[in-house]
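Working notes, structure below.
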Amino acid sequence: MNILVVGGGGREHAIIMKLAESSRVEKLYCAPGNGGISRYAECFDVSATDIDGIVALAKKLSVDMVVVAPDDPLVLGMVDALNAEGIMTFGPNKAAAIIEGSKVFSKELMKKYNIPTAKYETFSDSASAIAYLKSENSYPAVIKADGLALGKGVIIAANEEEAVEAVKSMIDGRQFGDSSATVVIEEFLTGPEISVLSFTDGKTVVPMMSSMDHKRALDGDKGLNTGGMGTIAPNPFYTKEIAEECMNNIFLPTIKAMNSEGRTFKGCLYFGLMATPKGVKVIEYNCRFGDPETQVVLPLLDTDLVDIFEAVYKGTLSDMDIKWKNECCSCVVMASGGYPKSYPKGLEITGLDDKGQVGGVFVYHAGTKYENDKFLTNGGRVLGVTATGDTLADALKKSYAAVDKIHFDNAHFRKDIGQRALTAEVNS
């Protein structure tokens with residue numbers, strides 16, 4: 001099969017490398033791709049949100065399958081356009097992708113179908129939002145932009161001053177464009193966070209290996225929210241009991257709810273969860289593979305990814321027996337200094353081989369370009385330095401040893417990825 005992957009980050013690099021393991025794959029393409037991806041797949045300079053351009057490229061290349069990985073093109077309806085041309089596509093259609101495209105939709109879905117989540121209200125004018133904050137007087141408070149915001153549209157306000165500033169900057173200042181014209185204000189939940197990606201064909205749901213993301217920019221979960229500074233898998237807080245609770249109270253009810261709404265979800269559905277003292281609750285849904293969760297989940301997959309994608313498309317997922325390796329995986333993100341705010345681009349990266357790799361680990365490229373036989377930085381999150389091991393401690397040791405070998409000016413990474421998980425493992 002010839003397969004086109006849409007997107008250009010670390011998640012797409014991880015998908016491409018797992019697809020490359022399949023004996024069924026002949027040629028891999030990516031649009032737009034990045035420097036690291038270009039060493040493994042033929043890349044084309046077509047934007048991930050250019051629906052007409054991607055459809056035209058898929059037809060020109062006569063591909064057998066397209067994998068639409070990022071949220072934006074899914075929410076815009078790229079899968080619908082590809083399916084209309086008879087092209088086998090992995091990813092939800094526009095009607096289903098709204099589960100991530102609108103926080104208001106997803107919260108109302110959970111309320112309607114009794115899926116556990118945080119208490120919330122939605123607002124489109126700042127005065128009403130501020131009045132609600134003052135009446136609740138409960139901090140920290142969580143303020144979320146309704147629409148897509150590159151994983152950065154969530155502000156956890158420690159006090160009224162911060163909350164009022166967040167509301168004004170989102171609604172009045174359009175901090176995230178039209179995505180923040182409406183905001184959701186939620187109660188702050190406490191407990192371990194758990195990420196569970198799942199394959200679903202709209203009938204069957206198969207959770208993948210659990211993982212733990214590290215969203216804050218700085219050690220000790222300090223600093224601004226980012227798209228993710230590192231991940232580990234499996235998540236030690238995701239016990240058998242919690243897995244069963246999630247399947248019964250969250251996973252299956254969500255699939256059924258989407259079917260009841262006439263929005264059957266086929267693709268990868270991401271559940272962002274929190275194990276609170278009052279049970280597991282949904283923090284958020286994503287309509288696609290998480291980034292950087294994918295970078296630690298897919299290396300542990302022991303079943304052909306092409307077979308899974310095809311089964312999801314054809315609605316035969318229940319016929320599959322999806323297997324996982326009995327190992328641990330860690331990913332440490334190396335970011336540009338200044339991320340998630342402003343940062344320079346075009347800095348030379350040293351310590352990588354001609355494939356953009358370091359021996360003993362796999363380096364997923366997120367924001368790189370390849371020019372004149374050199375890898376250069378080209379984004380906020382630059383590299384995801386990933387390793388597997390028999391234990392999480394083994395995997396982390398390899399990841400950090402490789403990080404020490406890689407250099408670009410003002411590189412920033414967290415030094416405590418996986419520490420909370422290691423402590424949990426010891427205590428269990």
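Shown for segment 1-126: the carbon plus sulfur share of the solvent-accessible area, taken with all protein chains present and a 1.4 angstrom probe, equals 45%. Take the alpha carbon gyration tensor of segment 291-428, find the square roots of its eigenvalues, order them as a ≥ b ≥ c, and report rounded if a/c is under 1.5; if not, report prolate when a/b exceeds b/c, else oblate. Oblate is the answer for segment 291-428, as a/c is 1.5 or above yet b/c matches or exceeds a/b. Measuring nothing but how far apart in sequence close Cα pairs (under 8 Å, 6+ apart) lie, relative to its length, segment 193-339 scores a relative contact order of 31 percent. For Ile255, the accessible area of its heavy atoms, probed at 1.4 Å with every protein chain present, is near 10 square angstrom.
How much FRET efficiency would the formula 1/(1 + (r/R0)^6) give for Thr49 and Leu218, where r is the Cβ-Cβ distance and R0 is 25 Å, rounded to 0.05?
0.20
Each residue was assigned an accessible area with a 1.4 Å probe, and for His214 the value is about 10 Å².
Applying the Karplus relation 6.51 cos²θ - 1.76 cosθ + 1.60 with θ = phi - 60° to segment 328-336 yields 3J(HN,Hα) values of 10, 9, 10, 9, 10, 7, 9, 10, 6 Hz, where x marks Gly and Pro.
In what sequence, largest accessible area first, do Val142, Val75 appear using a 1.4 Å probe?
Val75, Val142
How big is the gap, in Å, between the Cα center of segment 179-210 and the Cα center of segment 49-79? What the calculation gives is 24 Å, centre to centre.
Amide H contacts for Leu224 (H built 1.01 Å from N in the peptide plane; partners 5 or more residues away or on another chain; cut-off under 5 Å): Ala217, Leu218.
Pairs with C-alpha atoms separated by more than 25 Å, drawn from the list Lys240/Lys278; Lys240/Lys281; Lys341/Lys398; Lys266/Lys341; Lys168/Lys281, are Lys341/Lys398; Lys266/Lys341; Lys168/Lys281.
In this structure the chain gives 40 Å² per residue of accessible area when probed at 1.4 Å with all protein chains present.
On the beta carbon distance between Asp394 and Glu187, with R0 = 56 Å, the FRET formula returns roughly 0.90. Near Thr276, the amide H atoms lying under 5 Å from its own belong to Lys281; only residues 5 or more places off or on other chains count, and H is placed 1.01 Å from N.
Our summary gives the chain a relative contact order of 17 percent, counting only alpha carbon pairs under 8 angstrom and 6 or more residues apart. The phi torsions of segment 43-50, fed into the Karplus equation with coefficients 6.51, -1.76 and 1.60 and a -60° offset, translate into couplings of 9, 10, 7, 10, 4, 5, 9, 8 Hz, rounded to whole numbers, with Gly and Pro shown as x.
For the chain, give the share of DSSP beta bridges that are antiparallel, in percent and rounded to the nearest 5; count only bridges with both residues there.
Restricted to the chain, the bridges split so that about 80 percent are antiparallel.
Shape verdict for segment 109-224, please, from the Cα gyration tensor: rounded (a/c under 1.5), prolate (a/b greater than b/c) or oblate. Prolate shape, in that a/c is at least 1.5 and a/b is the bigger ratio. Working note: 222 nm ellipticity from helices only, DSSP H runs with n ≥ 4, each -39,500 (n - 2.57), summed and divided by the residues of the chain, gives -8000 deg cm²/dmol to the nearest 500.
Amide H contacts of Gly7: Ala31, Gly33, each under 5 Å away and 5 or more positions distant or on a separate chain (H built 1.01 Å from N in the peptide plane; Pro and chain starts excluded).
The values are calculated or read from the model by the stated rules, or taken from the named source; none is laboratory data. Because the structure is a prediction, the values reported are computed rather than measured. Don't worry about glycine lacking a Cβ; one is built from the backbone with ideal geometry, like all the others, and counts go over all protein chains shown. Only protein heavy atoms, including side chains, enter the accessible area calculation; ligands, DNA and RNA are left aside. Shrake-Rupley method; radii C 1.70, N 1.55, O 1.52, S 1.80 Å.
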